[in-house]
Amino acid sequence: MLDVIIADDEAPAIAELRYLLGQDARIGEVHAAADGAEVLRLIEAHPVDALFLDIHMPGLDGLDIARVVGRFARDAQPAVVFVTADEDQALQAFELAAVDYLLKPVRAARLAETIRRIAEQVQAPQPETGELITVDQGGVTKLIRRSDVRYVQAQGDYARLHTTEGSFLIRVPLNELEEQWAAHGFLRIHRSYLIALHHLAQVRLGKGGPSVDINGAQLPVSRRHLPILRERMSANRVRARG
């Protein structure tokens with residue numbers, strides 16, 4: 001059963017969506033909020049699996065709330081679904097890793113598909129703790145876990161592993177790591193970069209070309225690799241519209 005929060009500053013919209021959600025056997029408890037501040041209070045009191053957010057609300061709007069929960073620990077992040085009459089914010093929703101973007105009035109069949117995606121995300125296995133990798137740093141040998149690696153940068157015949165603790169150089173070409181780690185959630189996005197998809201924060205489609213945000217670092221995505229990245233994100237979590 002999926003517990004959810006509906007956030008909308010219009011009571012009829014809340015009532016309609018609450019009714020539609022209540023028709024689905026996969027939905028458990030449904031909480032409602034009229035503004036962003038109330039959403040955050042509800043999340044603290046009642047951890048939920050998903051947020052159904054209107055974009056335009058007084059104070060914190062739906063996009064603001066999505067940015068806030070995006071900073072939660074990954075295992076505590078509720079899925080985010082935008083429910084709006086605004087057709088022009090789909091790109092921002094994609095960048096904020098929304099599970100879906102529903103246009104009002106919401107159709108029951110379309111909502112059922114959204115709930116399916118949320119259920120898949122909630123039931124997805126957590127990233128493995130991963131194999132231990134031996135690295136040298138300043139003459140000291142230490143072990144790091146593959147699951148702690150956010151992204152890998154090519155440096156000739158070497159690869160630099162970037163983690164929250166720092167970066168570590170290993171004598172393995174990026175091409176070899178790409179083959180060895182593909183089954184563990186790593187994806188090539190550029191000739192110089194391999195990323196851990198479970199650490200992906202944002203995808204940007206700016207004028208300077210596509211890029212991703214990994215652990216605060218903005219990395220380029222090549223045009224050749226962008227379709228593969230979007231396909232993997234769509235299959236695992238995000239569905240872009242527009």
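Among the residues making up segment 33-63, those that are acidic (Asp, Glu), open to solvent by 20 Å² or more (accessible area, probe 1.4 Å) and touching a residue at least 12 places away in the same chain (Cβ under 8 Å) are Asp35, Glu38, Asp49, Asp61.
If the condition is being open to solvent by 10 Å² or more (accessible area, probe 1.4 Å) and part of a helix (DSSP H, G or I), then segment 64-89 contributes Asp64, Arg67, Val68, Arg74, Asp75, Ala76, Glu87, Asp88, Gln89.
Of Gly216, Gly166, all but one fail to be within 19 Å of Gly70 (Cβ to Cβ) and surrounded by fewer than 16 Cβ atoms within 10 Å (Cβ to Cβ); the exception is Gly216. Within segment 191-206, being farther than 17 Å from Arg145 by Cα, surrounded by 22 or more Cβ atoms within 10 Å (Cβ to Cβ) and modelled with pLDDT of 90 or more holds for one residue alone: Tyr193.
Say whether the condition of being of a type in the set (Val, Ile, Thr), within 15 Å of Val4 (Cα to Cα) and either in a loop (DSSP other than H, G, I, E, B) or touching an Asp or Glu at 6+ places or on another chain (Cβ under 6 Å) (or both) is met by at least one residue in segment 94-101. Yes, segment 94-101 contains at least one residue that is of a type in the set (Val, Ile, Thr), within 15 Å of Val4 (Cα to Cα) and either in a loop (DSSP other than H, G, I, E, B) or touching an Asp or Glu at 6+ places or on another chain (Cβ under 6 Å) (or both). Of the residues Asp9, Asp24, the single one that is in contact with a helix residue (DSSP H, G or I) (Cβ under 8 Å, 6 or more places away or on another chain) and of a type in the set (D, E, K, R) is Asp24. In segment 1-32, which residues are assigned to a helix (DSSP H, G or I), in contact (Cβ under 8 Å) with a residue 60 or more places away in the chain and farther than 19 Å from Ile65 by Cβ? Within segment 1-32, Glu16, Leu20 qualify. Looking only at segment 1-29, filter to residues that are touching an Asp or Glu at 6+ places or on another chain (Cβ under 6 Å) and more than 13 Å from Thr84 (Cα to Cα); which one of those is least open to solvent (accessible area, probe 1.4 Å)? By that ranking, first place goes to Leu2. Once segment 133-163 is narrowed to residues that are hydrophobic (A, V, I, L, M, F, W, C) and surrounded by fewer than 16 Cβ atoms within 10 Å (Cβ to Cβ), the residue that is modelled with the highest pLDDT is Leu143. Does segment 170-178 include one or more residues that are surrounded by fewer than 14 Cβ atoms within 10 Å (Cβ to Cβ), among the polar types (S, T, N, Q) and under 21 Å from Ala97 (Cα atoms)? No, segment 170-178 contains no residue that is surrounded by fewer than 14 Cβ atoms within 10 Å (Cβ to Cβ), among the polar types (S, T, N, Q) and under 21 Å from Ala97 (Cα atoms). Pairs meeting the criteria (first residue in segment 204-216 and over 22 Å from Thr163 (Cα atoms), second residue open to solvent by less than 20 Å² (accessible area, probe 1.4 Å) and assigned to a loop (DSSP other than H, G, I, E, B), beta carbons under 6 Å, at least 6 apart or on different chains) are Pro210/Val221.
State yes or no: is Gly166 at positive phi and over 20 Å from the mean Cα position of the chain (by Cα)? Here the answer is yes, as Gly166 does meet what is asked. Among the residues of segment 76-119, those identified as more than 20 Å from His199 (Cα to Cα) and among the acidic types (Asp, Glu) are Asp86, Glu87, Asp88, Glu113.
Does Gln121 count as open to solvent by 30 Å² or more (accessible area, probe 1.4 Å), among the polar types (S, T, N, Q) and either in contact with a Cys (Cβ under 9 Å, 6 or more places away or on another chain) or in contact (Cβ under 8 Å) with a residue 60 or more places away in the chain (or both)? For Gln121, the condition - open to solvent by 30 Å² or more (accessible area, probe 1.4 Å), among the polar types (S, T, N, Q) and either in contact with a Cys (Cβ under 9 Å, 6 or more places away or on another chain) or in contact (Cβ under 8 Å) with a residue 60 or more places away in the chain (or both) - is met. Of all residues in segment 48-107, those satisfying the criterion of being over 19 Å from Leu205 (Cβ atoms) and among the basic types (Lys, Arg) are Arg71, Arg74, Lys104, Arg107.
The values are calculated or read from the model by the stated rules, or taken from the named source; none is laboratory data. Everything numeric here is computed off the predicted structure, so don't read it as measured data. Counting neighbours? That spans all protein chains shown, and the Cβs are built from the backbone with ideal geometry, glycine included. Please note that ligands, DNA and RNA were not included when accessible areas were found on the heavy atoms of the full protein model with its side chains. Shrake-Rupley method; radii C 1.70, N 1.55, O 1.52, S 1.80 Å.
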